[in-house]
Amino acid sequence: MSFLFSLRDVRRELRFITFVLLLLYFTAGTAYSAPRTRQQSRVRDSYDVIVAGGGMGGIAAAIQASRLGVSVLVVEPSGWIGGQATAAGVSTMDDLSRIKSGLYLEFFSRVKQYYDLRGKSLGTCYWDNRTVAFEPHIGQEVLLSLANEARARGRNTLDILCHSVITAVQKKDKQIHGVTVKTPNGTYKIICKVLIDATEYGDMLPLAQAAYRAGNTYSPFISSEAMIQDITWVAVIRKYPGGVPSHLRPLTPLPGYDLAKRNYESYVTKDGANFRNVYPVATPVNFVSHNAYRGLPDSSTPWGYDAGSRESWSRITKTGVNWGNDYPGTYSWEGRRGLPVAYLEDPALRAQVERDALIKTLHFIYYMQNELGENWSVANDEYQDTLPAVAADLPREWQEIVRHMPPIPYVRESRRAIGDYTLTSAELLKNSLSYRDGQTSHEFPDAIAIGGYILDLHGAATDSDMEWQLEERAASAQINRPRGPFQVPMRILIPKDTEGLLAAEKNLSMSRLTAGALRLQPICMMTGQAAGALAALSVREGLRLRDVPPVHVQWVLLNAGVILSLCKYSDVPPEHFASKAIQISNLYGLIPPEKFPHAPSYNITDLDDPVLAMAIIKGDDKGVFGVNDLVSRQDAAEMIGRARAVLGLPAMDLVKDKLDVFISRGDFVQWLCDGFSLTDAPAPRGSRSPFRASKNRNTSSVDVLGTLGILEVYKKDPEFRFGRPVTRAEAADMLARAMVAAPIASR
């Protein structure tokens, strides 16, 4: 036996020991206990913004609003934040846009960093390693860290009330003034300026007496017999190599198990086939393929895996049960697929449905352990919440299982606000075809988010379930399937005839089919962030929500890292100084590019679409803006005229001669001052012009725009070069900033 060790061996051993110690330290702090939200000991009498529901949309709205300096209260019925992505256990991200930005990118980056440090992949689900998955408790940890940072060390207010519900909304005429909140410590009346409905069910809409849709009916003529999508009570399960602990292995099946067994035998069996990258999936599959569908990384083990190959699927040790356990699913509801709208409207029926959905998933736990013979059970390192009320009468051995289940079900369809505009699947398709197949722009000028998904309904998908008045049919799910990423317009966040209320989850002003594409976790987070920005700007600017100019919200979102335009240019990389302003130009058609992108439409579910891949290789997915081309006086007048029209300002004659001459910086600045009434605009406190004094005739305009931050592109040079020409990129940047700075009273 040799006792000689190389320095390399010693270092390797030290690294391994350090990793194990860190792992033990981390798991000691997280195993067997779910992360807890900050529960307030006292509640303020008033907040600028109250967010009903702490799901992905709600917590994003709260974080964004708090970052903008307004006071925010989140009222969450469960003990978790994150909604469908954490509290409901659907932590396999459903996003086909290939675009991550804003708060969702921040969230994703932190989750990725956590797993990267542990040598683990996020690509553990959907049989593909390009996907994103995480453990629910890690997702909530990240959301909590973002919320804590939004408080800015006590300078901002972001309070979270858990296990609390809003029971009433105070409204005078059309204006919401406050809410009544029931908490474990008592009931409070709290004043607010804006109420954001981010509940899983759209519960604030009827409380606020706002017009809404449910199924294919609308208030006040809601039919309790209309149908909506299935729900699912997900389970997060893990492998126990040494055997399942006795308290996680029930001995007696629950009533109804025989029917459930026949259902699950059609999805997964011992001798089922491997998934073979063919859709729709041929079932039954084997248990290994089942686990690779909703596979999750596993913090409790020192090794990693992904879903990139069949060989790695067998190494997956944690997954979600969200396949075959839709409720009612194949059981149907009185002979129809889906659930009745009464599930949303009747609290007693809601409780009964959720109890039955929970039991259906518990049947899978028994089926997995006893029919498939697997040493798997609910993960004991995810949930340790209060036993849901719907499980109160279950046998004690099953209650032990339920304590480790997600505290809420996955609700796919809620009530939907009725706004002045309703987004339909046909409009969504048209928008997704922007710059595809020879078309140009179908972008929404008031876009506030980009998502990507199919028109996916789980049940209630027949002609009789659709909204015929919105020209939706069952066939529309295929005919109007998006052909690429799509935008969400700001106007669908605002209910009509109600002031001070915003929708921010699955309750936007949209058709049922459109909701099938907008109900997923990433897009809910993005629309929630936009709702938070809109709410905060409404408070800060003293405007009704519907009177806040979309460009104000868009500029806040762009500065928060959100991507808003579907148009990309080869000469405008993300780090380009004018990239945000050029997106504004795209949305409103302010400055026509030299060349539009010319990408093909494609099957959004196919990550390997060869036609799209070739177009990307050839660069057809990007146009050319012409950032360095110079702007003529006529070009400048036209772009300022278009921007004025966006703001609702009348036409203005800025140029009378020398149309083809390149405009100088000094003249362009003067035109911006005149075109947007900026001469007397109040400068931000403490600001001053970054340029040296000059006797040029346009000096006063330069000083005004300099203090307003409109001339950021030139501020590195203390000498303002009045006579130099203006490039298209410089013009776009100054124009967007001037639109945001323009006095609202002049519109």
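The values are calculated or read from the model by the stated rules, or taken from the named source; none is laboratory data. Quick caveat, the model's predicted, so the values are computed rather than measured. Here the Cβ is made from the backbone with ideal geometry for all residues, glycine too, and neighbour counts use every protein chain on show.
Worth pointing out:
- The residues of the stretch 82-125 that are in a loop (DSSP other than H, G, I, E, B), among the basic types (K, R) and more than 20 Å from I450 (Cα to Cα), listed by number, are R118, K120.
- Strands (runs of 3 or more DSSP E) lying entirely in the stretch 205-283 (those with 2 or more residues that are within 19 Å of G320 (Cα to Cα)): 235-239, 268-273
- Residue-level check: of (1) within 18 Å of the chain's Cα centre (by Cα); (2) within 18 Å of A150 (Cβ to Cβ); (3) surrounded by fewer than 24 Cβ atoms within 10 Å (Cβ to Cβ), L558 misses just (2).
- For T37: the one exception among (1) buried (at least 23 other Cβ atoms within 10 Å of the Cβ); (2) at pLDDT 95 or above; (3) farther than 22 Å from G202 by Cβ: (2)
- Scanning the stretch 610-639 for residues that are more than 30 Å from I663 (Cβ to Cβ) and not in a helix (DSSP H, G or I) yields G619, D620, D621.
Yes/no matrix, rows are residues, columns are (1) touching a Gly at 6+ places or on another chain (Cβ under 6 Å); (2) at negative phi:
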| position | (1), (2) |
| --- | --- |
| H247 | no, yes |
| L251 | no, yes |
| D258 | no, yes |
| N277 | no, no |
| V285 | yes, yes |
| L296 | no, yes |
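- Selected residue (only one of N431, N480 is over 26 Å from V169 (Cβ atoms), crowded, with 19+ Cβ neighbours inside 10 Å and out of contact with any helix residue (DSSP H, G or I) (no Cβ under 9 Å at 6 or more places or on another chain)): N431
- Scanning the stretch 117-131 for residues that are closer than 21 Å to V278 by Cα and either surrounded by 22 or more Cβ atoms within 10 Å (Cβ to Cβ) or of a type in the set (S, T, N, Q) (or both) yields T124, C125, N129, T131.
- Yes/no for G438 being in contact (Cβ under 8 Å) with a residue 60 or more places away in the chain and within 22 Å of the chain's Cα centre (by Cα): no
- Check on P302, under 22 Å from D128 (Cβ atoms), of a type outside the set (S, T, Y) and out of contact with any strand residue (DSSP E or B) (no Cβ under 6 Å at 6 or more places or on another chain): no
- Some residue of the stretch 152-159 being among the acidic types (D, E), touching a strand residue (DSSP E or B) at 6+ places or on another chain (Cβ under 8 Å) and more than 19 Å from G57 (Cα to Cα): no
- Every residue from the stretch 385-411 that is in a loop (DSSP other than H, G, I, E, B), free of Cβ contacts under 8 Å to residues at least 40 places away in the same chain and over 27 Å from the mean Cα position of the chain (by Cα): L387, A392, D393, R403
- Qualifying residue in the stretch 77-93 (condition: on the phi > 0 side of the Ramachandran plot and under 15 Å from the mean Cα position of the chain (by Cα)): yes
- Of all residues in the stretch 239-280, those being surrounded by 10 or more Cβ atoms within 10 Å (Cβ to Cβ), over 28 Å from D298 (Cβ atoms) and at pLDDT below 95 number 0.
- Options L612, L654: the member that is buried (at least 17 other Cβ atoms within 10 Å of the Cβ), more than 39 Å from the chain's Cα centre (by Cα) and free of Cβ contacts under 8 Å to residues at least 24 places away in the same chain: L654
- Enumeration of residues in the stretch 706-747 that are free of Cβ contacts under 8 Å to residues at least 60 places away in the same chain and of a type in the set (A, V, I, L, M, F, W, C): L708, I710, L711, F720, F722, A745
Per-residue answers, yes or no, for (1) of a type in the set (G, A, S); (2) not in a loop (DSSP other than H, G, I, E, B):
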| residue | (1), (2) |
| --- | --- |
| N586 | no, yes |
| T605 | no, no |
| A651 | yes, no |
| L659 | no, no |
| G666 | yes, yes |
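- Of all the numbered requirements in (1) among the charged types (D, E, K, R); (2) within 23 Å of P592 (Cβ to Cβ); (3) over 33 Å from the mean Cα position of the chain (by Cα), K618 misses one, and that requirement is (3).
- If the condition is being of a type in the set (S, T, Y) and surrounded by 19 or more Cβ atoms within 10 Å (Cβ to Cβ), then the stretch 324-358 contributes Y327, Y343.
- Pair list, Cβ < 6 Å and 6+ apart or interchain, from the stretch 518-530 residues that are more than 19 Å from N559 (Cα to Cα) to residues that are of a type outside the set (F, W, Y) and in a helix (DSSP H, G or I): Q521/M56; Q521/Q84; Q521/A85; C524/M56; C524/G57
- Given (1) crowded, with 21+ Cβ neighbours inside 10 Å; (2) of a type in the set (A, V, I, L, M, F, W, C); (3) in contact with a Ser or Thr (Cβ under 7 Å, 6 or more places away or on another chain); (4) assigned by TED's automatic domain parsing to the domain that holds T462, number of the condition A235 does not satisfy: (4)
- Hey, L564 surrounded by fewer than 23 Cβ atoms within 10 Å (Cβ to Cβ), outside the structural domain of S432 (by TED's automatic domain parsing) and modelled with pLDDT of 95 or more or not: no
- Only listed residue being of a type in the set (G, A, S) and surrounded by 22 or more Cβ atoms within 10 Å (Cβ to Cβ), chosen from A475, A533, A461: A533
- Of everything in the stretch 507-530 that is of a type in the set (S, T, N, Q) and under 15 Å from L103 (Cα atoms), the residue that is surrounded by the most Cβ atoms within 10 Å (Cβ to Cβ) is Q529.
- Being charged (D, E, K, R) and within 30 Å of F275 (Cα to Cα) is true of K100.
Condition check ((1) of a type in the set (D, E, K, R); (2) over 16 Å from R415 (Cβ atoms); (3) modelled with pLDDT under 95; (4) assigned to a loop (DSSP other than H, G, I, E, B)) across all residues:
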| position | (1), (2), (3), (4) |
| --- | --- |
| Q469 | no, yes, no, no |
| E472 | yes, yes, no, yes |
| A477 | no, yes, no, no |
| P482 | no, yes, no, yes |
| V488 | no, yes, no, no |
| R491 | yes, yes, no, no |
| D497 | yes, no, yes, yes |
| K506 | yes, no, no, yes |
| A515 | no, no, no, no |
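- Selection of the stretch 176-204 for residues being of a type in the set (D, E, K, R), touching a strand residue (DSSP E or B) at 6+ places or on another chain (Cβ under 6 Å) and assigned to a loop (DSSP other than H, G, I, E, B) yields only E200.
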